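The values are calculated or read from the model by the stated rules, or taken from the named source; none is laboratory data. Because the structure is a prediction, the values reported are computed rather than measured. Don't worry about glycine lacking a Cβ; one is built from the backbone with ideal geometry, like all the others, and counts go over all protein chains shown. Heavy atoms of the whole protein, side chains included, go into the accessibility calculation; ligands, DNA and RNA do not. Shrake-Rupley method; radii C 1.70, N 1.55, O 1.52, S 1.80 Å.
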Amino acid sequence: MTTTVLVAGATGDLGGRIVRALRQHDTSVRVLTRTDGSPAAERLGAEDGVEVVRADYGDHAGLVSALAGVEVVVSAVSGTRPVIVDAQRALLAAAVEAGVARFIPSDYAADYRSITPGSNRNFELRREFAADVDAAPIRATSILNGAFTDMLTGQAPLILFDRQRVLYWSSPDQVLDFTTKDDVARTTALVALDPAAPRVVEVAGDRVTSRSIAETMSRLTGTPFRLQWAGTAGTLSAMARVGRRLSRAGDDEPFPAWQGMQYFVSMFSGEAELHHVDDDRYGPYEWTSVEDVLAAHLAA
């Protein structure tokens, strides 16, 4: 039988990839958008097997109506407290009332469950909402995948391409988990179609260290990339706290510079490392490696 899946946050980068991954299977996909509509949502709705439904997160009855007949809710919303906690709480409550069987929260991150309080705002918001999910009468699965691999070629300054350096905090041999957004989207679609999925599914497209990244960059470029110690995870955490206090963006921006620093704190302290990775849970797939991503970036 065709599974009906509703995707919240489908117009975002990851959400759109999840919709495309779901359409590779026997699914009926609903895209949730606000009542004022969205050009991106309308474009998705023009695709075969995709239906756009409109409801605001403050409209409980509207959300329940939009979820009627849905078997799985996939949340891919992105933001700070008003979204990750408040909007998802509204979506969760509506899913329970509508009789939805399963809920996939918008985690898609490293393991936030054991991080030190105050060390990573975005992770703590996810942990706060996870408590609501655990208390709700609905089966749920969180997908933990480490960091998105494009973090290495974007704004996060781990690789200093122009200076031929790779930074590290505390230890150059700390294991770092990375997965591409396409691989996360594929995993999410498979989890959505698996009624026996556990509470947490851990995947990692690649597991590297700063040392191995330096070796990879040296091999790809033919130029030696050297390791550069940037301090300890503790000193970086202190710098992030100062940056947060001085930030003009306040707590409304999802990814200010200090949040990126907090993400590195969680990774290089080892607190957010994945310990139960199961990439073969849904059969053998070709996962995109860190080297693949770096080689494509250099070629471009």
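Given the options Ala197, Ala185, name the one that is closer than 28 Å to Asp107 by Cα, in a loop (DSSP other than H, G, I, E, B) and not basic (Lys, Arg).
Values: Ala185 fails: in a loop (DSSP other than H, G, I, E, B).
Only one candidate passes the filter, namely Ala197.
Considering only residues of segment 19-34 that are in contact with a strand residue (DSSP E or B) (Cβ under 6 Å, 6 or more places away or on another chain) and assigned to a helix (DSSP H, G or I), which is nearest to Ser106 (Cα to Cα)?
Val19
Output the residues belonging to segment 96-111 that are in contact with a Pro (Cβ under 8 Å, 6 or more places away or on another chain) and in a helix (DSSP H, G or I).
Once the filter is applied, which keeps residues that are in contact with a Pro (Cβ under 8 Å, 6 or more places away or on another chain) and in a helix (DSSP H, G or I), segment 96-111 yields only Val96.
Give all pairs with beta carbons closer than 7 Å in which a residue from segment 178-195 that is acidic (Asp, Glu) meets a residue that is part of a helix (DSSP H, G or I); count only pairs at least 6 apart in sequence or on separate chains.
Asp182/Arg17
For segment 129-151, which residues satisfy the criterion of being within 15 Å of the chain's Cα centre (by Cα) and either without any contact (Cβ under 8 Å) to a residue 12 or more places away in the chain or in a helix (DSSP H, G or I) (or both)? Reasoning before the result, please.
First pass over segment 129-151, keeping only residues within 15 Å of the chain's Cα centre (by Cα): 129-130, 141-151.
Listed by number, the residues that qualify are Phe129, Ala130, Thr149, Asp150, Met151.
For Ser170, which of the numbered conditions (1) more than 21 Å from Leu274 (Cα to Cα); (2) part of a loop (DSSP other than H, G, I, E, B); (3) not aromatic (Phe, Trp, Tyr) fails to hold?
(1)
Can you pull out every residue in segment 112-128 that is in a loop (DSSP other than H, G, I, E, B) and on the phi < 0 side of the Ramachandran plot?
If we filter segment 112-128 for residues that are in a loop (DSSP other than H, G, I, E, B), which is where we start, we get 112-120.
Correct list: Tyr112, Arg113, Ser114, Ile115, Thr116, Pro117, Ser119, Asn120.
Hey, any hits in segment 246-257 for a residue that's within 30 Å of Met1 (Cα to Cα) and open to solvent by 40 Å² or more (accessible area, probe 1.4 Å)?
Among the residues of segment 246-257, not one is within 30 Å of Met1 (Cα to Cα) and open to solvent by 40 Å² or more (accessible area, probe 1.4 Å), which makes the answer no.
Scan (1) touching a residue at least 24 places away in the same chain (Cβ under 8 Å); (2) open to solvent by 50 Å² or more (accessible area, probe 1.4 Å); (3) under 30 Å from Arg139 (Cβ atoms); (4) not acidic (Asp, Glu) for the single condition Thr288 breaks and write down its number.
With respect to (1) touching a residue at least 24 places away in the same chain (Cβ under 8 Å); (2) open to solvent by 50 Å² or more (accessible area, probe 1.4 Å); (3) under 30 Å from Arg139 (Cβ atoms); (4) not acidic (Asp, Glu), Thr288 is out only on (2).
Across segment 167-176, what is the total count of residues that are within 10 Å of Ala230 (Cβ to Cβ) and hydrophobic (A, V, I, L, M, F, W, C)?
Residues meeting the conditions: 2.
Just to verify a result, which residue in segment 87-106, among those that are buried (at least 23 other Cβ atoms within 10 Å of the Cβ) and not aliphatic (A, V, I, L, M), is nearest to Asp59 (Cα to Cα)?
Per the stated criteria, the residue is Gln88.
Just to be sure I understand the filter: pairs with C-beta atoms under 7 Å, separated by 6 or more residues or on different chains, first member in segment 230-252 and closer than 19 Å to Thr116 by Cα and assigned to a helix (DSSP H, G or I), second member modelled with pLDDT of 95 or more and not hydrophobic (A, V, I, L, M, F, W, C). Which pairs pass?
Filtered contacts from segment 230-252: Ala233/Ser170; Ala233/Ser269; Ser237/Ser119; Ala240/Gln262.
Can you tell me which residue in segment 137-184 is least open to solvent (accessible area, probe 1.4 Å), limited to those that are of a type in the set (Lys, Arg) and closer than 22 Å to Val77 by Cα?
Lys181
Exactly one condition in (1) in contact with a strand residue (DSSP E or B) (Cβ under 9 Å, 6 or more places away or on another chain); (2) under 15 Å from Gly16 (Cα atoms) is false for Gly37; which is it?
Every condition holds for Gly37 apart from (2).
What's the total number of residues in segment 8-18 that are under 21 Å from Asp150 (Cβ atoms) and either in a helix (DSSP H, G or I) or open to solvent by less than 10 Å² (accessible area, probe 1.4 Å) (or both)?
Of the residues in that region, 7 qualify.
I'd like to know if segment 214-229 contains one or more residues that are of a type outside the set (Gly, Ala, Ser), in a loop (DSSP other than H, G, I, E, B) and open to solvent by 40 Å² or more (accessible area, probe 1.4 Å).
yes
Are any of the residues in segment 59-70 under 14 Å from Ala192 (Cβ atoms), crowded, with 19+ Cβ neighbours inside 10 Å and under 24 Å from the mean Cα position of the chain (by Cα)?
Yes - at least one qualifying residue is present in segment 59-70.
Right, Ala272: under 25 Å from Phe129 (Cα atoms) and open to solvent by less than 40 Å² (accessible area, probe 1.4 Å) or not?
Judged against the criteria, Ala272 is a match.
Just one of Ala196, Ala238, Ala299 is over 21 Å from the mean Cα position of the chain (by Cα), within 25 Å of Leu22 (Cβ to Cβ) and among the aliphatic types (A, V, I, L, M); which is it?
Ala196
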